[in-house]
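Only one structure is covered here, and it is reproduced in the block below.
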Amino acid sequence: AAGNASDQAVTLGINALDEVAPSITSGATATSDENSGAGQVVYTATADDSADISGGVSFSLAQGSDAALSINADTGAVTLSTDPDHETQATYSFTVVATDAAGNASEGQAVTLAVNDLDEVAPSITSGATATAIDENAGANQVIYTATADDTSDISGGVSFSLATGSDAALSIDADTGAVTLSTDPDHETQATYSFT
């Protein structure tokens, strides 16, 4: 009532809250070689939660992700429980979700895991079990047989030929062409047949 007044400066602070979802920074593809073993880490999810404050990020796989895959919530490591086999399943699909401590979830990152097809099936010999007979005294170093093979049952990086142990010592094979050469001049009275594998 006497009119005496005082001033008090007041500062109101606005607390920053974790309201922006993390964003996935890891890619949309992963690869694994077939027959490389079960229980391997095939992908590692990463996320950026720096748009505001962050209490940490946890990872999960969205519903509909392949059942053979699981994710470590803390590290983002995605593990394939089965031994990958291209012929059984060439790709696996999963969606990674990052959720921050406040419950904000990222948009899911769809990922495709491709299983590399490897050359795992041996070629089959397609050339016959007998070579065409040659005349004696026809000369040394002549091609007496040409080996052929089929390697189309899976991918092929090419075929090389060799003679097995126990094949006649006078014979050699070109590793690239399969041509079998007789190094001596054939003589029926000295040796009537030659054997090789």
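What is the distance in Å between the Cα centroid of segment 103-133 and that of segment 151-173? Using only Cα atoms to place each centre, the spacing works out to 22 Å. Here the relative contact order of segment 66-178, from alpha carbon pairs under 8 Å that lie six or more residues apart, stands at 17 percent.
Here the label points at Val20 and Asn137, each 7 Å from Cα along the C-beta direction, are separated by 9.6 nm in the simple model.
Where nothing but the Cβ of Lys and Arg (+1) and of Asp and Glu (-1) is charged, how large is the charge dipole of segment 6-112 around its Cα centre, in debye to the nearest 20?
Values: 0 positive and 15 negative charges, 15 e Å.
Computed charge dipole of segment 6-112: roughly 80 debye.
Below 8 Å, C-alpha to C-alpha, sequence gap of six or more: please give me the relative contact order for the chain in percent.
It rounds to 18 percent for the chain.
For the residues Ala131, Ala101, Ala73, a GNM of the chain with alpha-carbon springs under 10 Å puts the largest fluctuation on Ala131. Averaged over residues, the count of other Cβ atoms within 10 Å places the peptides 164-172, 53-61 in the sequence 53-61, 164-172, highest first. Between the residues Thr112, Thr82, Ala149, the greatest Cα displacement towards the positive end of the dipole of segment 66-156, with unit charges on the Cβ of Lys, Arg, Asp and Glu, is found for Thr112. For segment 19-24, backbone phi angles converted through the Karplus equation (6.51, -1.76, 1.60; θ = phi - 60°) give residue-by-residue couplings of 10, 10, 5, x, 10, 6 Hz, Gly and Pro being listed as x. Ranked by the mean number of other Cβ atoms within 10 Å of their residues, highest first, the peptides 144-157, 9-22 come out as 144-157, 9-22. Here are some values of Rg and Dmax of the Cα atoms in Å: (1) 35.0, 144; (2) 17.0, 63; (3) 16.6, 54. Which one was computed from this structure? Among (1) 35.0, 144; (2) 17.0, 63; (3) 16.6, 54, the one calculated here is (1).
If you sort Val143, Val115 by accessible surface, 1.4 Å probe, largest first, the order is Val143, Val115.
The values are calculated or read from the model by the stated rules, or taken from the named source; none is laboratory data. Being a predicted model, the structure only gives us computed values, none of them experimental. For neighbour counting, all protein chains shown are included, and Cβ atoms are generated from backbone atoms with ideal geometry for every residue, glycine included. The accessibility values were calculated without ligands, DNA or RNA, using every heavy atom of the protein model including side chains. Shrake-Rupley method; radii C 1.70, N 1.55, O 1.52, S 1.80 Å.
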